[in-house]
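S.K.: Below you'll find the structure I mean.
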Amino acid sequence: MATQLKDTRITQSLPQGSVSWPLPPRVRPELPNHDKATLESYLASAPLDEVDIADPLWWETDTNHVYFRRLREEAPVFFTHVNSNRHRGFWNVTRWNDIMAVDTNHQVFSSEAMLGGITLFDMDPDFIMPMFIAMDPPKHDVQRKAVNPIVSGQNLASYEELIRSRTCEVLDSLPRGEAFDWVDKVSIELTSRMLATLFGWPQERRRMLTYWSDVSTSDPELPGNPGKEERQGILLGMLQEFTMLWNERVNSEPTGDLVSMLAHNPATRNMPPMEFMGNLVLLIVGGNDTTRNSISGGLYFLNKNPGEYAKLKANHGLVENMVSEIIRYQTPLAHMRRTALQDTVLGGQLIHKGDKVVMWYSSANRDDTVLDRPDEFIIDRARARQHMSFGFGIHRCVGNRLAELQLKILWEEILKRFDHIEVLEEPERVPSAFVRGYKSMMVRIPA
Amino acid sequence: MVKIIYVEHNGARHEVNVPEGENLMEGAVQNNVPGIDGDCGGNAACATCHCYIPEAWQALTGERSELEDSMIELADTAMPNSRLACQIKASAALDGMEVHMPATQH
Ligand code: HEM
Ligand code: FES
């Protein structure tokens, strides 16, 4: 029988399998209201071990930074036990250097799906799609190397024209002088067109890719989202469609898209179907939310920082540097998670074998012991490429150059067309401690 | 100061004086040599300072560490003489060395 955990000094994740579905209700502090100011002042003074920073509340309201600043200063490697009957308890790693130590030590800190994978909440053990982001070497390395050439160097250059023409189409279709949702009309529209282009997927069905990506990262607990079993069904449907596409491509001449390349490359041609699919899903999801939210975030930050917007308008040559700064400031994936394979010491804390270790990239990107004025958005920041948003070590984002290229083209084309794009109100944020992003953001382009 | 010649993939040469003890990624970045990014700040954790060391200099630049080796082996452009520039420190013995770069970093 599970007994209530009263001991607040527990610093060890509960064993795998100790959390069962549906999850027990979440414990939340009792607060007069959920206004941003109230939440921030709570986080600024609450006992550190009273807070469950995995609660979507802190992300939907963008208040989590207050807590992370305290952790970086007072308790940089800190165990969260509140609500461990939901998430088994986890270590928060909040400083740049400690995260670097975890990210570069894959021998001790595993990404393995069977141990729970790479997000704070464990992968659904009944529905594991093998993908290399959630594998350790040697298998990870083999599969990553198969995908790598598709999104690196020369091959990327060959996509540039296509990406540019899709970007122009989308921008040219935008309304002038009226309010519209930038997330839907630009961020989602562009990423779905780009995904369809990259995969050789029919353009008219491009929103299916967005839908599948959203479903695979959605929280089955939230009202309106598909439940656990419905979610499995939807994703299996996706696997089926991609199998058809694969079968088509493998039997015809190479067409230059991702599916065709994988189907014709000797290194990937014989991948077991589920594994091939897992990796396709990884490419769809990996490149979707992240890029989408960087597209929205960039415009939001420029509006919040008119001086930076003015700098950009005066010097279009800053686009490339700004793209890195946008990706840092947004940190589209707030964390990656590992599982300790053995007892180890990190930042003076004893981590036990089996513990969940959460690397908060969003916190490292605000670590002022490593970065200069990290709370500010500075488009001509020196060494802007030095940020944590793509992770480090063997799992470092393989799509980073593609993401940067997409954003660079977008901003080049925006600057050619629009003198100004105005954000009309605070955007609505995604309630997730993993995907840091926006549901909607109303804007207007002057007529 | 140690003279290092960074050679881009297209053959462009950049002769730079790197202070002794400084790593060769910093040597490139601080002198605005294109083609070496150094995203992780010199931790062998991003491989955006990937370079090739001519045979004559290999013994003097030492061996890849375990992490460096894993990072290099994941690159499309890995070769037996691949190194991460951030893991090589400038020393008098390296004076005059050429460091060659891949077409693109990833
Ligand atoms: C701004 C946009 C992006 C951000 C912030 C981002 C972030 C990340 C992060 C943090 C990781 C590290 C995972 C880990 O350490 O466990 C990662 C891995 C990965 N990303 Fe991205 N990503 C972006 C865009 C893309 C794009 C466009 C693609 C698709 C081509 C992509 C595909 C992948 C894949 C396949 C991996 C797994 C690499 C591995 O495990 O070796 N990402 N990404
Ligand atoms: S700077 Fe990152 S590996 Fe050398």
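S.K.: In segment B:70-87, what residues are open to solvent by less than 60 Å² (accessible area, probe 1.4 Å) and within 16 Å of ligand 1 (Cβ to nearest atom)? First the steps, then the outcome.
M.R.: First, pick out the residues of segment B:70-87 that are open to solvent by less than 60 Å² (accessible area, probe 1.4 Å): B:70-72, B:74-75, B:77-78, B:81-86.
Result: B:Ser70, B:Met71, B:Ile72, B:Leu74, B:Ala75, B:Ala78.
S.K.: Also: Within segment A:379-408, which residues are more than 13 Å from ligand 1 (Cβ to nearest atom) and either open to solvent by less than 10 Å² (accessible area, probe 1.4 Å) or in contact with a Lys or Arg (Cβ under 9 Å, 6 or more places away or on another chain) (or both)? Write out each step before concluding.
M.R.: Looking only at segment A:379-408, we keep the residues that are more than 13 Å from ligand 1 (Cβ to nearest atom), and these are A:379-384, A:386.
Hits for segment A:379-408 are A:Ile379, A:Asp380, A:Arg381, A:Ala384, A:Gln386.
S.K.: Of all the residues that make up segment A:97-114, how many are more than 14 Å from chain B (Cβ to nearest Cβ) and modelled with pLDDT of 95 or more? Outline the logic, then answer.
M.R.: Start the filter on segment A:97-114 by keeping residues that are more than 14 Å from chain B (Cβ to nearest Cβ), which leaves A:110, A:112-114.
Right, trim to modelled with pLDDT of 95 or more and you get A:110, A:112.
Final tally of qualifying residues: 2.
S.K.: Has segment A:364-372 got any residue that is of a type in the set (Gly, Ala, Ser), in contact with an Asp or Glu (Cβ under 6 Å, 6 or more places away or on another chain) and either crowded, with 17+ Cβ neighbours inside 10 Å or closer than 24 Å to A:Ser111 by Cβ (or both)?
M.R.: no
S.K.: Turning to a different aspect of this structure: Restrict the check to segment A:75-96 and report whether at least one residue is touching an Asp or Glu at 6+ places or on another chain (Cβ under 9 Å), modelled with pLDDT of 95 or more and within 23 Å of B:His50 (Cβ to Cβ).
M.R.: yes
S.K.: Residues of segment B:19-59 being small (Gly, Ala, Ser), modelled with pLDDT of 95 or more, in a loop (DSSP other than H, G, I, E, B) and away from ligand 1 (no atom under 16 Å from the Cβ), which ones?
M.R.: Passing the criteria: B:Gly21, B:Gly38, B:Gly41, B:Gly42.
S.K.: Considering segment B:63-106 alone, what residues qualify as being of a type in the set (Val, Ile, Thr), within 12 Å of another protein chain (Cβ to nearest Cβ) and in a loop (DSSP other than H, G, I, E, B)? Full working, then the answer.
M.R.: Let us first name the residues in segment B:63-106 that are of a type in the set (Val, Ile, Thr), namely B:72, B:77, B:88, B:99, B:104.
Checking the rest, the ones that are also within 12 Å of another protein chain (Cβ to nearest Cβ) come to B:72, B:77, B:104.
Matches in segment B:63-106: B:Thr77, B:Thr104.
S.K.: Condition first: open to solvent by less than 50 Å² (accessible area, probe 1.4 Å) and farther than 20 Å from A:Val19 by Cα. Now tell me which residues in segment A:107-121 satisfy that.
M.R.: Answer for segment A:107-121, where residues must be open to solvent by less than 50 Å² (accessible area, probe 1.4 Å) and farther than 20 Å from A:Val19 by Cα: A:Val108, A:Phe109, A:Ser110.
S.K.: Taking the stated definitions as given, is A:Val319 aliphatic (A, V, I, L, M), out of contact with any helix residue (DSSP H, G or I) (no Cβ under 9 Å at 6 or more places or on another chain) and either open to solvent by less than 10 Å² (accessible area, probe 1.4 Å) or more than 14 Å from every other protein chain (Cβ to nearest Cβ) (or both)? So that I can check it myself, show each step before the final result.
M.R.: Values: aliphatic (A, V, I, L, M): yes; out of contact with any helix residue (DSSP H, G or I) (no Cβ under 9 Å at 6 or more places or on another chain): no; either open to solvent by less than 10 Å² (accessible area, probe 1.4 Å) or more than 14 Å from every other protein chain (Cβ to nearest Cβ) (or both): yes.
So A:Val319 does not fit the description; no.
S.K.: Determine which single condition A:Met359 fails, assuming it passes every other condition in (1) buried (at least 21 other Cβ atoms within 10 Å of the Cβ); (2) within 30 Å of A:Glu221 (Cβ to Cβ); (3) away from ligand 1 (no atom under 14 Å from the Cβ).
M.R.: Just one mismatch for A:Met359, condition (3).
S.K.: Which residues, taken from segment A:381-412, are within 14 Å of the chain's Cα centre (by Cα) and either without any contact (Cβ under 8 Å) to a residue 24 or more places away in the chain or within 12 Å of chain B (Cβ to nearest Cβ) (or both)?
M.R.: A:Met388, A:Ser389, A:Phe390, A:Gly391, A:His395, A:Arg396, A:Cys397, A:Val398, A:Gly399, A:Asn400
The values are calculated or read from the model by the stated rules, or taken from the named source; none is laboratory data. Remember, predicted model here, so these are calculated numbers, not experimental data. Glycine gets a Cβ as well: all are built from the backbone with ideal geometry, and neighbour counts include every protein chain shown. Surface accessibility is based on the protein's heavy atoms, side chains included, excluding ligands, DNA and RNA. Shrake-Rupley method; radii C 1.70, N 1.55, O 1.52, S 1.80 Å.
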